[in-house]
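Read through the structure below, which is laid out as structure tokens, and then see the notes.
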């Protein structure tokens, strides 16, 4: 289990990695940091976010009991392939990846010949900004923490992740399969981003800025998007996301057809159904 | 022009009609109210929203210099057809309709044989609630007020609407043609509602409530929708709205195709374009 002697190494001190480091150090754990740029290490040391840090990936890695990756998913896979020989036995490894398909199985396969356990997690926090300067632990307090264990994971590791999320004050901790997680993410997050981006790209709309109300602003806020991270996440989850996009296109095409044929009854039925379904999400709003 | 002797009659004391009445009476004008239910009149009198009110449409109508309709568009057309003989000459009439096509021309045609001017306006305020109990003048302060004059309107009437919107403390007053207005509404408001409704209707999603973050909540808030009002507004603006829906379906289908063919460059181009376009709307946010 998690205890105060546990030494954490955070690989990648971006927004999430930096926030993990900050939160764990605040709780009294020893936190090491690895980053690509010396300025990031300097910033983290100056702001008391880590205990020690460096940019060289050498035997520094073997000091950790737990390694948490704050890297993009494919960068993490490459890192593990390249440096796994530096990781000591019995180290627990986890991540922050927004998609699990094509990532978790690859890493667990990679570590098959080692006594190192990889258990995948998704802290659903922080999206609009990036960089350690924005690191904060407040964002965890209203966020979900999802653990996505496979048959290769131990109960002990699942419990460790649960304790860590609890320690970091996440609002809600859940366990999902990889398939459940990636389908949930495809619908609740990725499809929403596809919609927002596609709405902004429908046609030039700059002349409409002065008339914009809350509806359009709320729908398109997430159309401001990091193109590198999101294209990677979309491609990793391609099959499920395509299925969700196609189901949505079917849904809006059905509405379009009802309007085209002036089928007022069907339009009203669709409005009533959407209103009822959305009400379930309101209850959560007021929680 | 508007002056303190101007007597207003509000026909239909719902959220918008009630808020108009409240705001004009607060500014010292005489305000009469017509409603279908006596309870509405009683409420409006008790809460000092109107000076006088009744449910009978008789010569009460002839007391007004200005008549403002807070009715649904098609109900307003029918009202004017039925009761126009009760309106005295030189009365100015205006409305709050969210769509202008198939409404403004019909009413102006109807009044062609009378010395009564109809000038159409759209106060872009208040949507989630309805009923006089929710009437308030605060919502005007961050809202757009659009005047949509035709060639049949006088400069004097346009100026009157402008003064009235100013008196009611609207944030921004603009003049648009009917075509400009209905296209703007189709894209910024109606298409957003079609998207939100269609997203909620994509499939049963009730099991995902506990994982929902801000993205999905923001996109679907307006999926809670008054089926009677919105089906009427959509059908009135059918041709333009269909065009906007089809353009959006083209846009999201194009994104889907890029993902399907793993065209990462095109996906990134679309992300960058949406991010840049959305930034123009941020500036307005911080105004």
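The values are calculated or read from the model by the stated rules, or taken from the named source; none is laboratory data. Just so you know, these numbers come straight off a predicted model, no measurement behind them. Glycine gets a Cβ as well: all are built from the backbone with ideal geometry, and neighbour counts include every protein chain shown.
The table that follows gives values for the structure above.
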{"read-out": "Selection count, the stretch A:188-198, where residues are facing chain B (nearest Cβ under 7 Å), in contact (Cβ under 8 Å) with a residue 40 or more places away in the chain and more than 14 Å from the chain's Cα centre (by Cα)", "value": "2"}
{"read-out": "Matching residues, the stretch B:247-263, being facing chain A (nearest Cβ under 7 Å) and touching a residue at least 12 places away in the same chain (Cβ under 8 Å)", "value": "B:248, B:255"}
{"read-out": "Some residue of the stretch B:209-231 being within 7 Å of another protein chain (Cβ to nearest Cβ) and surrounded by fewer than 16 Cβ atoms within 10 Å (Cβ to Cβ)", "value": "yes"}
{"read-out": "Some residue of the stretch A:264-278 being over 17 Å from residue B:235 (Cβ atoms) and more than 7 Å from every other protein chain (Cβ to nearest Cβ)", "value": "yes"}
{"read-out": "Failed item, numbered, when residue B:239 is tested on (1) surrounded by fewer than 16 Cβ atoms within 10 Å (Cβ to Cβ); (2) at the interface with another protein chain (Cβ under 8 Å from one of its Cβ atoms); (3) out of contact with any helix residue (DSSP H, G or I) (no Cβ under 6 Å at 6 or more places or on another chain)", "value": "(2)"}
{"read-out": "Residue within the stretch B:92-107 that is in contact with a strand residue (DSSP E or B) (Cβ under 7 Å, 6 or more places away or on another chain) and in a helix (DSSP H, G or I) present", "value": "yes"}
{"read-out": "Among (1) within 14 Å of chain A (Cβ to nearest Cβ); (2) under 25 Å from residue A:221 (Cβ atoms), the one test that residue B:138 misses", "value": "(1)"}
{"read-out": "Checking residue A:131 against (1) surrounded by fewer than 20 Cβ atoms within 10 Å (Cβ to Cβ); (2) outside the structural domain of residue A:251 (by TED's automatic domain parsing); (3) at pLDDT 95 or above, the condition it does not meet", "value": "(3)"}
{"read-out": "Residue check for residue B:166: more than 21 Å from residue B:100 (Cα to Cα), within 7 Å of chain A (Cβ to nearest Cβ) and touching a strand residue (DSSP E or B) at 6+ places or on another chain (Cβ under 9 Å)", "value": "no"}
{"read-out": "Among (1) assigned to a helix (DSSP H, G or I); (2) on the phi > 0 side of the Ramachandran plot - the single one residue A:48 does not satisfy", "value": "(1)"}
{"read-out": "Where residue A:244 falls short, out of the listed (1) at pLDDT below 95; (2) crowded, with 18+ Cβ neighbours inside 10 Å; (3) more than 7 Å from every other protein chain (Cβ to nearest Cβ)", "value": "(1)"}
